Amino acid sequence: QSVLTQPPSASGTPGQRVTIYCSGSSSNIGSNTVNWYQQFSGTAPKLLIYRNNQRPSGVPDRFSGSKSGTSASLAISGLQSEDEAVYYCASWDDSVIAVAFGGGTKLTVL
Amino acid sequence: ELQLVESGGGLVQPGYSLRLSCAASGFTFSNYWMHWVRQAPGKGLVWVSRINEDGTGTTYADSVKDRFTISRDNAKNTLYLQMDSLRAEDTAVYFCTRGYTSSASCFDPWGQGTLVTVSS
């Protein structure tokens with residue numbers, strides 16, 4: 001059972017906009033920044049969004065992040081087949097004194 | 001080029017020990033927090049441990065506390081994870097990653113991972 005809650009799956013068609021949500025609590029998302037990772041099958045995760053809504057260089061602006069209260073979201077616009085991956089949210093948790101990851105959301109492009 | 005390369009994984013019996021290494025290059029290793037994150041087969045990411053820049057501060061997930069020890073050698077640009085009293089549930093790919101920005105859960109880059117299998 002992950003401290004941060006994500007839907008196990010999401011899907012969309014090419015060109016569509018998809019949003020993945022990450023729900024937490026006051027001890028994690030509510031008081032710390034959220035980061036998002038993209039992981040393709042059999043490879044290491046890659047930083048996708050940091051500090052709630054910042055994109056590292058090289059990440060397309062189709063990817064955007066936001067945070068409100070104890071929840072965060074990752075939006076992908078202009079969905080492409082190469083966006084098929086598992087997406088994880090992460091935040092520091094002040095109560096367990098550890099990094100919390102969401103369980104991951106597998107995105108399928110139909 | 002930023003690079004992290006893990007090594008030391010393998011098959012080990014329950015109760016035994018293993019030490020993982022992570023060789024860093026392309027950045028000033030001694031300036032960054034470093035972390036270990038693991039992923040059991042077919043499962044999600046789980047944070048394991050972190051160490052501060054000079055090695056004087058460490059934090060562990062409850063699941064590995066008192067069994068695992070994180071350390072670093074800044075002269076060798078290498079991060080370590082000593083894993084003792086291994087259990088079947090420690091079976092996972094272990095990733096080494098660098099702390100990025102002041103956010104405690106921000107990691108970039110990641111190594112390719114090394115597989116640890118705990119089985120008799």
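We did not get these values from a lab; they are worked out from the coordinates using the rules stated. What you see is a predicted model, and the numbers here were worked out from it, not measured in a lab. Neighbour counts run over all protein chains shown; Cβ positions are idealised from the backbone, glycine included.
Some observations on this one:
- Mean separation of Cα contacts under 8 Å (6+ apart) over length of chain A, as relative contact order %: 39
- For A:101-110, mean number of other protein chain Cβ atoms within 10 Å: 2
- Charge-dipole axis of chain A as Lys and Arg at +1 and Asp and Glu at -1 on Cβ define it, positive-most pick from A:86, A:105, A:47: A:47
- Estimated D of the range B:3-66 in µm² per second, where Rh is the Kirkwood radius over Cα pairs and Stokes-Einstein applies at 10 °C, 1.306 mPa s: 116
- Over chain A: Rg over Rh, Cα atoms, Kirkwood Rh: 0.96
- Couplings 3J(HN,Hα) of the range B:44-56, computed from phi: x, 7, 9, 6, 10, 6, 9, 9, 7, 4, 9, x, 8 Hz, in residue order, whole Hz [Karplus 6.51 cos²θ - 1.76 cosθ + 1.60, θ = phi - 60°; x for Gly and Pro].
- If you take all other residues with their beta carbon under 12 Å from the beta carbon of residue B:81, and give Lys and Arg +1 and Asp and Glu -1, the sum is +2.
- Percent of Cα-Cα distances greater than 32 Å, calculated over the protein assembly as shown: 17
- The eigenvalues of the Cα gyration tensor, multiplied by 5 and square-rooted, give the range A:17-65 an equivalent ellipsoid with semi-axes of 20, 13, 11 Å from largest to smallest.
- Charge tally in the Cβ shell below 14 Å around residue B:22, where Lys, Arg are +1 and Asp, Glu are -1, residue B:22 excluded: +4
- Net charge, residue B:67 excluded, C-beta distance under 14 Å - Lys, Arg +1, Asp, Glu -1: -1
- Residue mean of other protein chain beta carbons inside 10 Å, A:47-59: 2
- Partner shielding of A:92-98 amounts to 4, given as the average count of beta-carbon atoms from other chains within 10 Å of each residue beta-carbon.
- In chain B, the ratio of gyration radius to Kirkwood radius, Rg to Rh, stands at 0.94 when only Cα atoms are counted.
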